Amino acid sequence: MLTSPTGNTCVICQDPIFGSEIRAPCGHHYDIACITELFQAATRDETLYPPRCCRRNIPVARVQPHLLQALLTEFQQKREEFSTLKRVYCSSSTCGRFLGPLSEGIWGGKVYACPAPACTRRTCGSCRGEYRGLMSHICRRADADTAQVLTLGRAAGWSCCPGCSQMIELNMGCFHMTCRCKTEFCYLCQALWKTCTCPQWDEERLLAAAEQRVDAQLGAGQGNRTVRQRMVRETMERLRVDHDCNHERWRYRRGGGRCETCGHDLPHYLFRCLGCEILACNRCRRNRL
């Protein structure tokens, strides 16, 4: 049985929609395949949770009739995990299942028994380490092992979020960190953002970010050297002031390339943010940024 066109175009794949469709709160339309893929991706990638379009959440109830029960069940499980700030995962390196919230009692935390059928590991809810029994367990929540991990993470460009205690990566020149739990803080001192006197930029990373933006406009190694140097200087100064870009204005850019947000290579086109010059795919600019 042939379905009739709805007269709308899917905002993600840009194909005409036939049959059922989902209208997001922002007014954009999705075909069932693209909205299902978005909800599936949101269970694997926390930066896509909750599913949204143009920064407005897409109600689950609106999409539920079109999703398989298995996906709905997984989505509900991820809702519990992603809504927990300080999380405990199974201490087994081959499992890593989400167990529950961190417990920070004076005498140690809750002991979690992993519910995975093939896993028998017990995990301390305070230090997140393996629990071997009351008489043999030494809670490592504040010992040197934890400090060593933080030191190694800092050397690799990572910092510990003060909101949820997860490690996140500094991948730009700005010391403004935004964690998946939405906590914004300073990379250097872990204070909440704009509550400290630390510098906002690392100069070498700022230069690298500016060069990346200019390369996105001109092409790597292209353009007059003097013009390129001037553009790099101007971009550095603009980033210094406008590093917290809202990504509100985009321009279609013909030609393939790599999305700077998700890392996927696109063969035909990308979108360039007119505020910070970041290149992003259509999915990221609609659902992630």
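For the reader, a short list of remarks on this structure follows.
- When the trypsin sites (Lys or Arg not before Pro) in the stretch 1-94 are filtered for DSSP coil states and for at most 14 other beta-carbon atoms within 10 Å of their beta-carbon, the remaining sites are 55.
- GNM flexibility winner over the chain from 25, 162, 267 (Cα, springs under 10 Å): 267
- Normalising the Debye intensity of the chain to I(0), with uniform scatterers on Cα atoms only, and taking log10 at q = 0.09, 0.10, 0.13, 0.14 Å⁻¹ returns -0.60, -0.72, -1.09, -1.18.
- Nearest-10 value in Å² for the accessible area of residue 46, using the 1.4 Å probe: 20 Å²
- Rounded to 0.05, the FRET efficiency of the residue 110 and residue 47 pair, given R0 = 25 Å and the Cβ-Cβ distance, is 0.30.
- Candidates 155, 216, 208, ranked by Gaussian network fluctuation over the chain, Cα under 10 Å, top entry: 155
- Computed over protein heavy atoms with a 1.4 angstrom probe, the accessible surface ordering of 252, 112, largest first, is 252, 112.
- Span from the the stretch 259-289 Cα centroid across to the the stretch 155-224 one, whole angstrom: 18 Å
- Accessible-area value, residue 71, 1.4 Å probe, nucleic acids and ligands omitted, Å²: 20 Å²
- Per-residue [θ]222 nm for the chain (sum of -39500 (n - 2.57) over DSSP H runs n ≥ 4, rounded to 500): -8500 deg cm²/dmol
- Fluctuation leader among 161, 273, 196 - the chain, Gaussian network, Cα springs under 10 angstrom: 196
- Set of the stretch 195-229 residues, backbone N closer than 17 Å to the point 7 Å along the Cα-Cβ line of residue 241: 200-201, 210
- Think of a 1.4 Å ball rolled over the protein heavy atoms: the chain then has 59 Å² of accessible area per residue.
- The accessible-area ordering, largest first, of the residues 131, 269 stands as 269, 131, per a 1.4 angstrom probe.
- Across the stretch 245-288, Cα-Cα pairs more than 11 Å apart make up 58 percent of the total.
- Extent of the stretch 176-241 along its three principal axes (Cα atoms, max minus min coordinate, largest first): 42, 24, 16 Å.
- Carbon + sulfur, % of accessible area of the chain - ligands and nucleic acids excluded, 1.4 Å: 51 percent
- Area accessible to solvent at residue 9, 1.4 Å probe radius, in Å²: 70 Å²
- What you get for the stretch 201-244, charging only the Cβ of Lys and Arg (+1) and of Asp and Glu (-1), is a dipole of about 280 debye around the Cα centre.
- The chain - share of DSSP beta bridges that are antiparallel (%, nearest 5): 95 percent
- With only the Cα atoms considered, the stretch 5-82 has a convex hull volume of 84 Å³ per residue.
- Three-way shape label, the stretch 84-133, alpha-carbon gyration tensor, a/c 1.5: oblate
The values are calculated or read from the model by the stated rules, or taken from the named source; none is laboratory data. Note that the coordinates shown come from a computational prediction; the quantities given were computed from them, not determined experimentally. Here the Cβ is made from the backbone with ideal geometry for all residues, glycine too, and neighbour counts use every protein chain on show. We work out accessible area using only protein heavy atoms, side chains counted, and drop any ligands, DNA or RNA first. Shrake-Rupley method; radii C 1.70, N 1.55, O 1.52, S 1.80 Å.
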